[in-house]
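Below: one structure, written as structure tokens.
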Amino acid sequence: MKVHINQDLCAGFGVCVELSEDIFELHDDGYAVVKVAQVPPELEDKMREAVLYCPANAIHLTEDN
């Protein structure tokens with residue numbers, strides 16, 4: 001699984017960072033960025049939560065095939 005942030009939608013609320021500092025961080029400009037290319041399997045449920053709870057709907061997931 002890979003996680004992506006649409007930078008045009010991100011409003012810098014930081015909910016994703018609160019859910020998983022291993023995957024997300026707030027950049028110097030105050031907006032979230034993804035720190036890893038591939039989500040570890042043990043954090044996949046947290047990524048689904050991040051999608052669900054992002055107030056700006058800026059996070060989306062892609063499944064590996």
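Scanning region 25-37 for residues that are more than 12 Å from LYS2 (Cα to Cα) and not in a loop (DSSP other than H, G, I, E, B) returns GLU25, LEU26, ALA32, VAL33. Of the set (1) loosely packed, with under 14 Cβ neighbours inside 10 Å; (2) of a type in the set (A, V, I, L, M, F, W, C); (3) free of Cβ contacts under 8 Å to residues at least 24 places away in the same chain, all apply to ALA37 but (3).
The combined condition, being in contact (Cβ under 8 Å) with a residue 12 or more places away in the chain and surrounded by fewer than 12 Cβ atoms within 10 Å (Cβ to Cβ), is not fulfilled by GLN7. Could you check region 38-63 and list, in sequence order, the residues that are part of a loop (DSSP other than H, G, I, E, B), in contact with a strand residue (DSSP E or B) (Cβ under 7 Å, 6 or more places away or on another chain) and closer than 11 Å to MET1 by Cβ? Across region 38-63, the qualifying residues are GLN38, VAL39.
Values quoted throughout were computed directly from the atomic coordinates according to the rules given, and no laboratory measurement underlies them. From a predicted model like this one, the values you see are computed outputs, not experimental measurements. Glycine gets a Cβ as well: all are built from the backbone with ideal geometry, and neighbour counts include every protein chain shown.
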